[in-house]
């Protein structure tokens, strides 16, 4: 039978009829790579112990809800009501060990019933998982980066939020948690939750020292070093770190000190690092400090051409064509090496970027303070587990660097999600052998098998 050209085109581009059946289909077949990881780390059991003191549903305990949130964020979802999009997904059910998933209202109620002890136990679990990784790689030098990040909300009723400095959303209520991240693994070690209206350094000394103390207790051989921005510039923090033998670099808010500005303005000769950077250094201390420290004055050639009339800043020394920064440190490496090391803390901003844009940490899920803290910790765990997955299955890509770059070149969660996780599959059980069938895409096949075979080899 011959068909006309129009009939052929009609058949080729026909919109198919839709048919909905329960065939045990999953949209997230690639989640299977996280199953051996979570089983090996005993995530479910350890989360259970975090909430064992709370009364909970027999089926949907707080540990199940927290694990579901981690998976929710791994999949790239944000709002709690987005749970309904995959409520019947067999891969998600299998990963959680459930026959059915809770609805969004159940998750919301569970978050509203969280207490402070649970939050502290989940924080402790985050730290323990990171420490276990550090023990596996037998690292001898660890770089801690400390900084805060604003988590804003448009709601006026969210508990514990306050209006503070927010460059992007002025006047919005927010939280302002303080983070400790590890340069060598790109993981978040700990989070200290704060309202949005506190000063950058609020609670910083205690948080910094607590992180160091925990790491030294668990890993006594570690040589720990610390990097911070100017928000942490204080004698209390600097003297505490120096007294513990911790090497540090700290940006100096030099616009607050007339003497430092004058030293920059009066300096005639600068030591060149390269075509862009030059520096000089002095031993100095602010009036109320107890000890003299090494202050590095750094000048960077700036290619920016001002097209408008320039208004000289009363607080920042100005020299056309240059930008300035000052670093205080107890390190005695060369000026260039010290600068490279300190500039390496910019990697923490990329961690914050991943946490917010890919693990949805900047989403305020509920009205309650503790529920939002748990959601934030779930985001931290999803980020850390992605890093752990790659560190568990791959050898380090590089050694240490002056900037203390991560030892692995990590694939972002967003990329992993698009490449492997979001893949259609079907569960079947031929002759009692559970099978997950995917399309014969060679790129997906090789990616999934690479992870799964690495776990099998490790076992």
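The values are calculated or read from the model by the stated rules, or taken from the named source; none is laboratory data. Note that the structure is predicted; figures quoted are calculated from it, not measured. Positions of Cβ are generated from backbone atoms using ideal geometry, with glycine treated the same way; all protein chains shown enter the neighbour counts.
Can you find a residue that is at pLDDT below 95, crowded, with 17+ Cβ neighbours inside 10 Å and more than 22 Å from the chain's Cα centre (by Cα) anywhere in segment 175-185? No, because not a single residue in segment 175-185 is at pLDDT below 95, crowded, with 17+ Cβ neighbours inside 10 Å and more than 22 Å from the chain's Cα centre (by Cα).
In segment 1-115, counting only helices (runs of 4 or more DSSP H) that sit wholly within it, none holds 3 or more residues that are surrounded by fewer than 14 Cβ atoms within 10 Å (Cβ to Cβ) and touching a helix residue (DSSP H, G or I) at 6+ places or on another chain (Cβ under 6 Å).
Apart from one condition, residue 190 fits all of (1) in a helix (DSSP H, G or I); (2) surrounded by 15 or more Cβ atoms within 10 Å (Cβ to Cβ); the exception is (1). Taking segment 153-171 as the range and being surrounded by 10 or more Cβ atoms within 10 Å (Cβ to Cβ) and either in a loop (DSSP other than H, G, I, E, B) or touching a helix residue (DSSP H, G or I) at 6+ places or on another chain (Cβ under 8 Å) (or both) as the test, the residues that pass are 155, 158, 159, 160, 161, 164, 165, 166, 169.
Condition check for residue 216 on (1) in contact with a strand residue (DSSP E or B) (Cβ under 9 Å, 6 or more places away or on another chain); (2) touching a residue at least 12 places away in the same chain (Cβ under 8 Å): one failure, at (2). Here the helices (runs of 4 or more DSSP H) wholly within segment 347-459 that include at least 1 residues being more than 25 Å from residue 65 (Cα to Cα) and touching a strand residue (DSSP E or B) at 6+ places or on another chain (Cβ under 9 Å) are 347-357, 442-458. Candidates in segment 272-287 are the residues that are out of contact with any strand residue (DSSP E or B) (no Cβ under 8 Å at 6 or more places or on another chain) and farther than 15 Å from residue 337 by Cα; of these, the one that is surrounded by the fewest Cβ atoms within 10 Å (Cβ to Cβ) is 287. Would you check if there is a residue in segment 292-315 being over 33 Å from the mean Cα position of the chain (by Cα) and at pLDDT 95 or above? Yes, because at least one residue in segment 292-315 is over 33 Å from the mean Cα position of the chain (by Cα) and at pLDDT 95 or above. Scanning segment 133-152 for residues that are over 30 Å from residue 400 (Cα atoms) and surrounded by fewer than 20 Cβ atoms within 10 Å (Cβ to Cβ) turns up just one, 150. Might you let me know whether segment 133-152 holds any residue that is modelled with pLDDT of 95 or more, under 14 Å from residue 376 (Cα atoms) and in a helix (DSSP H, G or I)? Checked against the condition, which is being modelled with pLDDT of 95 or more, under 14 Å from residue 376 (Cα atoms) and in a helix (DSSP H, G or I), segment 133-152 yields no hits at all. The set of residues from segment 357-370 being over 15 Å from residue 73 (Cβ atoms) and either crowded, with 23+ Cβ neighbours inside 10 Å or out of contact with any helix residue (DSSP H, G or I) (no Cβ under 9 Å at 6 or more places or on another chain) (or both) comprises just one member, 369. For segment 272-281, the set of residues classified as in contact with a helix residue (DSSP H, G or I) (Cβ under 7 Å, 6 or more places away or on another chain) and more than 14 Å from residue 322 (Cα to Cα) consists of 273, 281, listed by residue number. If you filter segment 243-271 down to residues that are surrounded by fewer than 16 Cβ atoms within 10 Å (Cβ to Cβ) and assigned to a helix (DSSP H, G or I), you find that the one that is farthest from the chain's Cα centre (by Cα) is 266. Restricting 415, 382 to residues that are under 25 Å from residue 356 (Cβ atoms) and without any contact (Cβ under 8 Å) to a residue 12 or more places away in the chain narrows the list to 415. Pairing residues of segment 193-207 that are modelled with pLDDT under 85 with residues that are part of a loop (DSSP other than H, G, I, E, B) and surrounded by fewer than 16 Cβ atoms within 10 Å (Cβ to Cβ), at Cβ distances under 9 Å and at least 6 apart in sequence or on separate chains, gives 200/165. Looking only at residues of segment 116-132 that are touching a strand residue (DSSP E or B) at 6+ places or on another chain (Cβ under 9 Å) and farther than 26 Å from residue 55 by Cβ, we find that the one that is surrounded by the fewest Cβ atoms within 10 Å (Cβ to Cβ) is 131. Against the list (1) farther than 13 Å from residue 31 by Cα; (2) surrounded by fewer than 17 Cβ atoms within 10 Å (Cβ to Cβ), the condition residue 419 fails is (1).
The selection criterion, being farther than 21 Å from residue 370 by Cβ and part of a loop (DSSP other than H, G, I, E, B), does not hold for residue 217. In segment 351-367, the residues that are on the phi > 0 side of the Ramachandran plot and in contact (Cβ under 8 Å) with a residue 40 or more places away in the chain form Cβ pairs under 9 Å with partners that are surrounded by fewer than 21 Cβ atoms within 10 Å (Cβ to Cβ) and in a loop (DSSP other than H, G, I, E, B), at six or more places apart or across chains, as follows: 360/76; 360/77; 360/78; 360/79.
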